[in-house]
Ligand SMILES: [Zn+2]
């Protein structure tokens, strides 16, 4: 009995204490329910996905397609009732480029159409041409002389250096429960040293770059008609791009062919067979407007004390020139849907909720980095901007259209209990995983590098890599049902983060 009483006392004293030390995050389950219902039963995802990928099409930085996407998304934002909508310049991008005609086929030893795509910011051909490909192998400067006087009007191909591997596993990747459990743990560091290891010698890389430059100049001098390269397999052509800055001269006509079609030409030439090609590429450069833009819209905050603070969501609007479905039409459509749901439910958030559709992510996160530098923190000179303290958090989607399985917290330990509780009502939608781990590759980095809480959503990759940056990254790649789930999850997160008393805590950052 006595033992029991002591135990009881211990429980009475210890339990409340341990509960007190645990953070309790307010979660509005009635609102969660409304959000899920609107996202699943009244979704606008399909219409937006169709318009963005089929009516507007690919959205290369500086292209007419991206210009059309700026206009359409900003109109959509106005129609759904967002305020302060603008197509806001982030700075100088460079040369605009549109491909207006493209054709290539092999005509000798037999007729075979070739699957390919012109490289972005390369020149076109001089009209329709019939010519021969020449196999050119230049490993050092001396090799250049072997080809002098032999390349005028020809198409250059180079030996095959990599080939597609046999794909034995499934293309589709979904996280299973074991993967998710592992993600909840930090990676274990093994080995004797936590250091960075020896710095790599980049002399060879510099030598290769200098050689490439010399070879390019040589091709220009010789009057080469076009250069072929390989990328992509099974009918999928991987996009490549050339220099787009106004200081660089637009380079030779360049075409990427699928590995299979490129490989055939190279093998035939290596065996001494006669090969002929016919091709025509028309590309248009435009230089009237060399700036890059982001599209911004918001729902102003209503709480007098908190409305200057902002919760941001974003995704990049630009894509490569062959596609732009999963990368990142999916993120754009999802974030637009989040704003639509918030407006549809007539939510009047305490903090301002702002959406940003970034430009020129594919060329180095230009849109988001410049935006962060303008409003929050300029990494180039260490200058803190007026709104630095006003940002609560930024949420990004850019890993395709797979289910959202949780959130990457980028090492932000203090935010963990908050997001664990905010995601708890989404366990039944498979979205409850909170990982402290970091992920990279996209616009949240512009925030996290500046010491701001910038998070990317954790997503099933599905077949993302198969169509990645290719001509096959189309509407068909987008899993619309999964995007509806994603919109529900992000809407709820952004709503709760806008309503809570405090901003999302930041990890210490040494500015
Ligand atoms: Zn992307």
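Every number in this text was worked out from the coordinates using simple rules, so none of it is lab data. From a predicted model like this one, the values you see are computed outputs, not experimental measurements. For neighbour counting, all protein chains shown are included, and Cβ atoms are generated from backbone atoms with ideal geometry for every residue, glycine included.
Some notes on this structure:
- Label-point separation in nm, residue 381 to residue 152, each point 7 Å along Cα→Cβ: 5.3 nm
- Rg(Cα) / (2.2 N^0.38 Å) computed for the chain, rounded to two decimals: 1.13
- Relative packing of 86-95, 482-491, which averages over residues the other C-beta atoms within 10 Å, highest first: 482-491, 86-95
- DSSP beta bridges in the chain [antiparallel fraction, %, rounded to 5]: 55 percent
- Hydrodynamic radius of the range 34-147 per Kirkwood, over alpha carbon pairs, in Å: 19.3 Å
- On Cα atoms only, tilt of 330-344 relative to the major axis of the chain in degrees: 40 degrees
- Folded to 0 to 90 degrees: helix 2-21 orientation relative to the chain principal axis, Cα: 50 degrees
- Mean Cα-pair separation over length for the chain, i.e. relative contact order, pairs under 8 Å, 6 or more apart, %: 23 percent
- Highest mean first, the peptides 268-275, 298-305 sorted by other C-beta atoms within 10 Å per residue fall in the order 298-305, 268-275.
- In degrees, nearest ten, helix 203-222 long axis to first principal axis of the chain (Cα): 50 degrees
- Alpha carbon centroid spacing (whole Å) that separates the range 80-126 from the range 322-368: 24 Å
- Over the chain, DSSP H runs of length four or greater, each weighted -39,500 (n - 2.57), average out per residue to a 222 nm ellipticity of -9500 deg cm²/dmol.
- Diffusion constant of the range 409-511 at 25 °C, which comes from Stokes-Einstein with the Kirkwood Cα-pair radius and 0.890 mPa s, µm²/s: 159 µm²/s
- In the range 69-187, Cα pairs under 8 Å separated by at least six residues give a relative contact order of 14 percent.
- Cα gyration tensor category, rounded, prolate or oblate, for the range 280-342 with a/c compared to 1.5: oblate
- Sequence ranges 289-297, 392-400, 210-218, ranked by mean other-Cβ count within 10 angstrom, highest first: 392-400, 289-297, 210-218
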